[in-house]
1. Assess whether residue 277 counts as being of a type outside the set (Gly, Ala, Ser), crowded, with 18+ Cβ neighbours inside 10 Å, farther than 23 Å from residue 171 by Cβ and within 14 Å of ligand 2 (Cβ to nearest atom).
2. From 129, 134, grab the single residue that is over 15 Å from residue 236 (Cα atoms) and within 16 Å of ligand 2 (Cβ to nearest atom).
3. Would you confirm, using the coordinates I've provided, whether residue 289 is aliphatic (A, V, I, L, M) and modelled with pLDDT of 95 or more?
4. Given 214, 193, which one is in the same structural domain as residue 82 (by TED's automatic domain parsing), within 19 Å of residue 82 (Cβ to Cβ), more than 16 Å from ligand 2 (Cβ to nearest atom) and out of contact with any helix residue (DSSP H, G or I) (no Cβ under 6 Å at 6 or more places or on another chain)?
5. Given 234, 182, which one is modelled with pLDDT of 95 or more, of a type in the set (Ser, Thr, Tyr) and more than 28 Å from residue 67 (Cα to Cα)?
6. How many residues does region 223-247 hold that are away from ligand 1 (no atom under 11 Å from the Cβ), crowded, with 20+ Cβ neighbours inside 10 Å and either closer than 18 Å to residue 103 by Cβ or of a type in the set (A, V, I, L, M, F, W, C) (or both)?
7. Could you tell me whether any residue of region 148-165 is within 14 Å of ligand 1 (Cβ to nearest atom), under 27 Å from residue 308 (Cβ atoms) and of a type outside the set (Lys, Arg)?
8. Taking the stated definitions as given, is residue 36 surrounded by fewer than 16 Cβ atoms within 10 Å (Cβ to Cβ), closer than 27 Å to residue 196 by Cβ, modelled with pLDDT under 95 and out of contact with any helix residue (DSSP H, G or I) (no Cβ under 7 Å at 6 or more places or on another chain)?
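The values are calculated or read from the model by the stated rules, or taken from the named source; none is laboratory data. These numbers come from a predicted model, not from an experiment. Don't worry about glycine lacking a Cβ; one is built from the backbone with ideal geometry, like all the others, and counts go over all protein chains shown.
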Amino acid sequence: MSTKQHDIKPSEITPEDVFFKRREILQSAVALGLFPALAGRSRAAVLPASGEFSGLASWPGSLTDTPNSLEEISSYNNYYEFGTGKDDPVRNAHTLVTDPWSVSVTGEAARTGDYTLEDILAPHTLEERIYRLRCVEAWSMVVPWVGFPLADLLARFEPTSQARYVQFFTLADREQMPGLRSPVLDWPYREGLTIEEAMHPLTLMTVGVYGKVLPNQNGAPLRLIVPWKYGFKSIKSIVRIHFTDRQPRTSWNMAAPHEYGFYSNVNPNVDHPRWSQATERRLGGGLFAPRIPTLMFNGYAEEVAHLYAGLDLVRNY
Ligand SMILES: Nc1nc2c(c(=O)[nH]1)N[C@H]1C(S)=C(S)[C@@H](COP(=O)(O)O)O[C@H]1N2
Ligand SMILES: [Mo]
């Protein structure tokens, strides 16, 4: 198995320009000294005991829309491990134990193994990014997430040339998660991205919201935010990251393959089989809030459309 980055031939993975961007990301990660696992960092050094992050940088690319309130963001959720109702997670997710937390890294990477949350977070600089989250049920919200680019983390594991996709898994513990008693999804919840999507600088490894540590119902202590895809790609409470050469299975695709594809890019031009995807309602706008047009790739087309050049987005929904 090849482990050295210079063994990767561009033709094996991606169009050349994407490949070189990825090389740059990997090299800057090396230059910044992100590789050593920092043993012995206290949790307080990475997740403040007060629950508030201090000195967060603001990301210049943030949306300028007014964010939804923390109350809205943390009381209307999808987190089926705690029930299928939008108000179930806020009532039930207090049983989730987020400390200690570890993430196992498996598959096509040189540095696999188990990492504590402290190992995962310590070398990274957190920033606040205001992104839109668009759900497949045609509602959206604007959220000031706190996190760092997933690419910086993945680079530390040194993915091999076979790592064409990344799969993510949520914790599945019946003691902590009452929703697992229902077979509504095949547990553990899982999601996947192509390596190019995962390495894209907009893809955010997320640990907070509104300058605070994530509430459990929003996916504490570590979740993904993929701003140009439907909300369900943004997997919560991640315990495993798996590098693979095959397109991974995803929970919603397994549950309803005709409704949810692997890509799941926000696309107003392709209807969900049961409803239109052309418009959305902003959460908190009240019952009579006007529907607003949904933007291609959730408004991030300029940044991400090149990832799908030549792909038929009707077939690859
Ligand atoms: N583990 C897990 N992750 C999940 C889900 C889930 O049910 N379980 N729901 C997804 C869906 S459908 C959406 S819309 C978003 C909602 O994120 P939020 O509750 O922080 O707004 O989480 C996604 N991540
Ligand atoms: Mo969703």
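1. It is true that residue 277 is of a type outside the set (Gly, Ala, Ser), crowded, with 18+ Cβ neighbours inside 10 Å, farther than 23 Å from residue 171 by Cβ and within 14 Å of ligand 2 (Cβ to nearest atom).
2. Selected residue: 134, the only one of 129, 134 that is over 15 Å from residue 236 (Cα atoms) and within 16 Å of ligand 2 (Cβ to nearest atom).
3. Details: aliphatic (A, V, I, L, M): yes; modelled with pLDDT of 95 or more: no.
Answer is no for this residue.
4. Within the list 214, 193, the selection yields 214.
5. Result of the check over 234, 182: 182.
6. Qualifying residue count for the region: 4.
7. Step one: filter region 148-165 for residues within 14 Å of ligand 1 (Cβ to nearest atom), giving none.
No, that holds for no residue.
8. yes
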